1. I need the peptides 254-263, 70-79 ranked by packing, meaning the mean over residues of other C-beta atoms within 10 angstrom, with the highest value on top.
2. Please work out whether the range 144-198 counts as rounded, prolate or oblate from its C-alpha gyration tensor, where a ≥ b ≥ c are the square roots of the eigenvalues and a/c under 1.5 means rounded, while otherwise a/b larger than b/c means prolate and anything else oblate?
3. In whole Å, largest first, what are the principal axis extents of the Cα atoms in the range 94-149?
4. Does the range 87-236 come out rounded, prolate or oblate, given a ≥ b ≥ c as the square roots of the eigenvalues of its C-alpha gyration tensor, rounded meaning a/c under 1.5 and, failing that, prolate meaning a/b above b/c?
5. Within a 10 angstrom radius of the beta carbon, how do CYS140, CYS280 rank from fewest other beta carbons to most?
6. Around LYS300, which amide H atoms from residues at least 5 apart in sequence, or from another chain, sit under 5 Å from its own amide H, with H modelled in the peptide plane?
7. Along its three principal axes, how long is the range 63-136 when you only count alpha carbons? Whole Å, largest extent first please.
8. Once you put a point 7 Å from the Cα of GLU273 and another 7 Å from the Cα of GLN107, both along the Cβ direction, what distance in nm separates them?
Amino acid sequence: MKAFRTALLSILLLVPVGCAGPRGSFTAATTTTETTTTTETTTTSTSAVAAGPARVEGTIDTPDGRTRTYRTYVPASVGVQEVPLVIALHGGTGSGRTFERSSGLDQQADLYGFVVVYPDGVGTGPDETEMRTWNARLCCGSASRKGVDDVAFIDLLIDRMMDDHLIDPDRVFVVGHSNGGFMAYRLACELSDRITAVGLQAGGLGLDVCEPERPVSLLHLHGRDDTNVRIEGGLGTGISRVGFPPLEDSLATVTAAMGCVDPPEMSVEGIVERRTWRDCDGDASVEVQVVDGHDHSWMKDDFDAAATIVEFLLAQ
């Protein structure tokens, strides 16, 4: 299966430049609006189809009465064949727009030819747009206190992406940072029927149990000098005021849930200490990379978090 996916990726890189509309149709640059009604929710989006890279903003009305927002980046290289989808989850108090600017994932999408969507969490204020967070159960902020069903939102978002773009249903990935990383763990446990792999930095497992329907591959990056979400666990220096679990506890739970067999492969390469569990159920793998000289901030300089995570995801 991995060999087939690698071959598919090579083919995708040769696809002629263009931008796919629904089900791969090509049109001039236009803006359309569509409404889809189901028994549970009504979703409304505004989609742009253009000859070059496209950035599209959309909304989804969820069963809890909220109108959730998201941003999508579609590279010019995406054409008439199915491509991977990356769902990028911002950190606490951030937004999809800020994570798009800071993560470097658009550049990775250009390089490898996948669609990336940046959803927004739920925050404070009259329109819930201030200090946005994700409900990863243990934390954080307004979304956790209000019990927002972010799993249902991401499930609907995947449906929307499938409707609007030619997405390979076997290559739906999640990337998360900080609170978004905790949410990535939750999705690996609770939305495993739709997600193939997740990659995150500075997160952890905020659930008491992890019981996926099928194994999900996971890459966890962590800066050794992170004081917001400490490797050893406990109360961090961030504003969440939450006692986080130790990294080892998150790894022990998720490797057991994915059917991984100890011991992991271990290596040290420069500033990176790596452990990899390859003998997991199905084709899944779990990996952790602890990076010297880095803290809680999204890693870019001498270690490229976006490139490292994308390489892992596309290999699954």
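What follows is calculated from the coordinates using simple rules that are stated; it is not laboratory data. Since this is a predicted model, take the numbers as computed values, not measurements. Cβ sites come from the backbone with ideal geometry, for glycine too, and all protein chains shown count toward neighbours.
1. On the way: 254-263: 17.2, 70-79: 22.0.
So the peptides 254-263, 70-79, ranked by packing, come out 70-79, 254-263.
2. Numbers: a/c = 2.12, a/b = 1.50, b/c = 1.41.
The shape class here is prolate.
3. 39, 21, 14
4. Details: a/c = 1.31, a/b = 1.23, b/c = 1.06.
Rounded, since a/c falls under 1.5.
5. Numbers: CYS140 29, CYS280 20.
Going from least to most buried by this count: CYS280, CYS140.
6. ALA305
7. 41, 28, 20
8. For the pair GLU273/GLN107, the computed spacing is 2.9 nm.
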